[in-house]
Amino acid sequence: MVIEKWIHTNKKSIILVYCKMVSKISEGVIISVETFYQSSESDPMNQQFLFSYRITIENKNPFSIQLLRRHWFIYDSNGFVKEVEGEGVVGIQPLIHTNESFQYVSACCLQTELGKMEGTYLLQNQNNKKNFSVLIPSFILQAPSKLN
């Protein structure tokens, strides 16, 4: 599922922030990603394009799960690929009960105004302590100037 929208923010002026949302279900877990281009934090003249992303992890399994690790592949339009792997997300390993969700926001800086991210989470079934992986859907990181 893909949803596109423009967000208008800021009390003093209107800032257009392009965001896109994608979702994927695997192993009874729904991963939804919403992306935002951070124009005020980007510096196109120095090839620095900052994107933030909000991820929601929904547990539809009949057992609680814990997110143990993340594994990302980050691509820019110059062909550069960065692999990121580590424990948990944003410094924690959240426990997510049946029909509950966990949400976090993070960011990534690219040298181009177009890129993408994809990856996996390693989760643990809290009933039997078995680990399993779920796919993080591939999502586009795109500055509004690249929309045409």
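Taken together, the values in this text are just the output of simple stated rules run on the coordinates, not laboratory data. All values reported here derive from a predicted model rather than from experimental measurement. Positions of Cβ are backbone-derived with ideal geometry, glycine not excepted, and every protein chain shown enters the neighbour counts.
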Margin query: Around Phe73, under 13 Å between beta carbons, what's the net of Lys plus Arg minus Asp minus Glu among the other residues?
Written below: -1
Check: With point charges of +1 on the Cβ of Lys and Arg and -1 on the Cβ of Asp and Glu, referenced to the Cα centre of segment 2-146, which listed residue (Ile55, Ile74, Gln38) lies farthest in the positive direction of the dipole?
Finding: Ile55
Check: For segment 106-148, which trypsin sites (Lys or Arg not before Pro) are both in a DSSP coil and crowded by at most 10 other Cβ atoms within 10 Å?
Finding: Lys129, Lys130
Notebook entry, point to check: What nm distance separates the two modelled labels at Thr98 and Ser77, each placed 7 Å from Cα along Cα→Cβ?
Noted result: 4.7 nm
Note to self: Can you give me the C-alpha center-to-center distance between segment 63-82 and segment 105-135, rounded to a whole angstrom?
What the structure shows: 4 Å
Margin query: Filter Lys60/Lys82; Lys24/Lys60; Lys60/Lys116; Lys24/Lys116 down to the pairs with a C-alpha to C-alpha distance above 24 Å, please.
Written below: Lys60/Lys82; Lys60/Lys116
Notebook entry, point to check: At 25 °C and 0.890 mPa s, what whole-number value in µm²/s does Stokes-Einstein give for the translational diffusion of segment 15-144, with Rh from the Kirkwood sum over Cα pairs?
Noted result: 160 µm²/s
